[in-house]
Amino acid sequence: MPFGSALEAEMAYSSLMPDIHRQGQAVQKEFTVNGSVLTVRWTAEDLGILRISINTFLNELSLIVWNIQRFGLPFPPSLGWEKRPET
């Protein structure tokens with residue numbers, strides 16, 4: 001998913017990360033951010049559960065994008081964004 005800036009991609013990543021811890025073992029998601037692009041890779045054995053996971057993700061992502069567009073960035077990008085810790 002391309003965003004308008006690396007900051008927006010990082011904000012989306014940060015907002016979506018709690019979902020990874022809730023999903024359990026049925027579906028695995030891998031998030032990566034490369035510049036302004038957020039990439040997600042799903043792995044699942046059950047197609048129905050995979051479909052539900054993707055639909056839920058798209059609903060959450062839609063809300064995040066809407067919020068970024070509606071309210072803008074929380075502070076000027078020139079102030080910088082603290083990068084997420086590497087894991």
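The values are calculated or read from the model by the stated rules, or taken from the named source; none is laboratory data. Everything quoted here is computed from the prediction, not taken from an experiment. Cβ placement follows ideal geometry from the backbone for every residue including glycine, while neighbour counts extend to all protein chains displayed.
Determine whether S78 is under 20 Å from L7 (Cα atoms), under 14 Å from the mean Cα position of the chain (by Cα) and either part of a helix (DSSP H, G or I) or modelled with pLDDT of 90 or more (or both). Lay out the reasoning, then the answer.
Details: under 20 Å from L7 (Cα atoms): yes; under 14 Å from the mean Cα position of the chain (by Cα): no; either part of a helix (DSSP H, G or I) or modelled with pLDDT of 90 or more (or both): yes.
Judged against the criteria, S78 is not a match.
Within the bounds of region 58-74, is there any residue that is assigned to a helix (DSSP H, G or I), modelled with pLDDT of 90 or more, hydroxyl-bearing (S, T, Y) and surrounded by 10 or more Cβ atoms within 10 Å (Cβ to Cβ)?
Of the residues in region 58-74, the ones assigned to a helix (DSSP H, G or I) are 58-71.
Checking which are modelled with pLDDT of 90 or more leaves us with 58-66.
Next, only the ones that are hydroxyl-bearing (S, T, Y) stay: 62.
Next cut, surrounded by 10 or more Cβ atoms within 10 Å (Cβ to Cβ) only: 62.
Yes, region 58-74 has at least one match.
Would you point out the residue of region 15-37, among those that are small (G, A, S) and modelled with pLDDT under 90, that is surrounded by the fewest Cβ atoms within 10 Å (Cβ to Cβ)?
Our first condition is that a residue be small (G, A, S); within region 15-37, this holds for 15, 24, 26, 35-36.
Within this subset, residues satisfying the condition of being modelled with pLDDT under 90 are 15, 24, 26.
Details: S15: 15, G24: 8, A26: 13.
Looking at residues that are small (G, A, S) and modelled with pLDDT under 90, I get G24.
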